[in-house]
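So the structure is just underneath, and the comments pick up after that.
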Amino acid sequence: MSYCRFIEADAYIYDDVDYRLYCCACSLMPTRTKYNTFLEKDITMHESFIAGRDYNKMLAHIAEHRAAGDYIPERVDERLIFERDCEHVFVNMDDYRRCEKCWEIEYEH
């Protein structure tokens, strides 16, 4: 799920299946150069910020973006706080369990 994308904000923050809370190609992170086989040339891009399951770490990271002058919609904080503070009610889906309030996936059964 995406909390915000580059088209509407100065960051692309989403819930990654593997890494969880993720700020993709984050402007606050160092850059790295890597060979792109599709383009057949080196490209330089920012590394990503990974907060894992730590909502407070991502909220602090968003505060750093704002302090640097980046625009992140306030609704991103609201959604993260809602998910962090949710009293989960997990229901069975086909092959996993999901909270019916905030859609959090139950990772440990």
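Sub-7 Å Cβ pairs linking a first residue in segment 14-32 that is at positive phi to a second residue that is modelled with pLDDT under 95 and exposed (fewer than 15 other Cβ atoms within 10 Å of the Cβ), at least 6 apart or interchain, are R20/G52; R20/R53; A25/M45; A25/S48, ordered by first then second residue.
For segment 28-58, the candidate set comprises residues that are among the basic types (K, R) and more than 22 Å from A68 (Cα to Cα); within that set, the residue that is farthest from the chain's Cα centre (by Cα) is K41.
The number of residues in segment 65-78 being aliphatic (A, V, I, L, M), part of a helix (DSSP H, G or I) and in contact with a helix residue (DSSP H, G or I) (Cβ under 9 Å, 6 or more places away or on another chain) comes to 1.
What about R75, is it within 21 Å of C102 (Cβ to Cβ), at pLDDT 95 or above, over 13 Å from the mean Cα position of the chain (by Cα) and surrounded by fewer than 16 Cβ atoms within 10 Å (Cβ to Cβ)?
Numbers: within 21 Å of C102 (Cβ to Cβ): yes; at pLDDT 95 or above: yes; over 13 Å from the mean Cα position of the chain (by Cα): yes; surrounded by fewer than 16 Cβ atoms within 10 Å (Cβ to Cβ): yes.
Yes; evaluated as a whole, the condition is true for this residue.
Every condition in (1) in a strand (DSSP E or B); (2) modelled with pLDDT of 95 or more is met by I81 except one, and the failing one is (1).
The values are calculated or read from the model by the stated rules, or taken from the named source; none is laboratory data. Just so it is clear, the model here is predicted, and its values are computed rather than measured. Quick reminder, even Gly has a Cβ in these numbers, built from the backbone with ideal geometry, and neighbours come from all protein chains shown.
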